[in-house]
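Beneath this line is the structure, given in structure tokens, with notes to follow.
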Amino acid sequence: MKIFYFSNERKLIRTLEGVVNPVLYGLSEIRWDDGGDTLNEDTVSYLIVEDDVSFESVTEEEFLRQFKEQAKFELAKRFERNKLYYMVEGKVELKQTEFEEDKQKIEEKTTVEEVKIFMIEVNARTII
């Protein structure tokens, strides 16, 4: 598999080739067998593609699909990180419902920019 790292302007920054078992891990992290990487989520994004795919051939639909998956994973990480706090406050069920609703809202977005704006809103209301 291949991983493309690219800027907000969709300029290719670098490519990792021959990556074994890459797995998205949110907006700013990616993991693979025997490794991983952490990115500056404000300026760098990534895509996981098959070895024979070129950056120029990636469709807008694929950019959006992967970004949505990364955003939903980011929501899950935030929920798990804050779960103990929610338990102490007696808000686990409320926050679980909010988490599910947020995942659905991400699915309804039609552009990467809309997802980015929504994630900014989520960050603003996340406690920890």
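The values are calculated or read from the model by the stated rules, or taken from the named source; none is laboratory data. Since the model is a prediction, treat every value here as computed from it, not as a measurement. Cβ atoms come from the backbone with ideal geometry, glycine included; neighbour counts cover every protein chain shown. Remember, those area values only see protein heavy atoms, side chains included, never the ligands or the DNA or RNA. Shrake-Rupley method; radii C 1.70, N 1.55, O 1.52, S 1.80 Å.
For segment 35-40, putting each phi into the Karplus relation 6.51 cos²θ - 1.76 cosθ + 1.60 with θ = phi - 60° gives couplings of x, x, 8, 10, 10, 7 Hz, in residue order, rounded to whole numbers and with x for Gly and Pro. Remark: the Val20-Glu89 segment gains 20.7 nm on full extension, using 0.36 nm per residue and subtracting the alpha carbon distance. Taking the Cα centroid of segment 69-92 and of segment 27-47, what is the distance between the two, rounded to the nearest whole Å? Taking the Cα centre of segment 27-47 as reference, the centre of segment 69-92 is 20 Å away. From helices alone, the chain scores -16500 deg cm²/dmol at 222 nm; the rule is -39500 (n - 2.57) for each run of n ≥ 4 DSSP H residues, then divide by the residue total. For segment 55-128, the spherically averaged projection of the C-alpha convex hull amounts to 5.0 nm². Under a model in which nothing but the beta-carbon of Lys, Arg (+1) and Asp, Glu (-1) is charged, the chain shows a dipole of about 500 debye around its Cα centre. Taking amide hydrogens as placed 1.01 Å from N in the peptide plane, the amide H of Val58 sits under 5 Å from that of no residue at least 5 positions away in sequence or on another chain. In order along segment 47-61, the Karplus-derived 3J(HN,Hα) couplings, from 6.51 cos²θ - 1.76 cosθ + 1.60 at θ = phi - 60°, round to 9, 9, 9, 5, 4, 8, 8, 9, 4, 5, 8, 6, 7, 4, 4 Hz, and Gly and Pro are given as x. The calculated FRET efficiency for the pair Glu69 and Lys11, based on their C-beta separation and a Förster distance of 30 Å, comes to about 0.85.
Against the chain, whose longest principal axis is taken from its Cα atoms, helix 92-108 shows a tilt of about 40°.
Surface composition of segment 1-127: carbon plus sulfur atoms contribute 50% of the solvent-accessible area (1.4 Å probe, protein chains only, all chains present). Label reach from Glu62 (point 7 Å along Cα→C-beta): in segment 1-27, amide nitrogens under 19 Å belong to 1-25. Taking Cα atoms only, the orientation of helix 112-125 departs from the longest principal axis of the chain by about 30 degrees. Relative to the current alpha-carbon distance between Glu107 and Asn123, full extension at 0.36 nm per residue lengthens the span by 4.0 nm. Taking amide H as placed 1.01 Å from N in the peptide plane, the amide H of Ile13 sits under 5 Å from that of Tyr5, Phe6, Ser7, each at least 5 places away or on another chain. Take the chain with all the other protein chains still there, run a 1.4 Å probe, and you get 60 Å² of accessible area per residue.
What the Cα convex hull of the chain gives, in volume per residue, is 107 Å³.
If the cut-off is 30 Å between C-alpha atoms, which lysines fall inside it for Lys91, apart from same-chain ones fewer than 8 positions away? Correct list for Lys91: Lys68, Lys72, Lys77, Lys83, Lys103, Lys105, Lys109, Lys116. Karplus-derived 3J(HN,Hα) values for segment 19-29, using 6.51 cos²θ - 1.76 cosθ + 1.60 with θ = phi - 60°, are 7, 9, 6, x, 9, 5, 9, x, 6, 10, 9 Hz; glycine and proline are entered as x.
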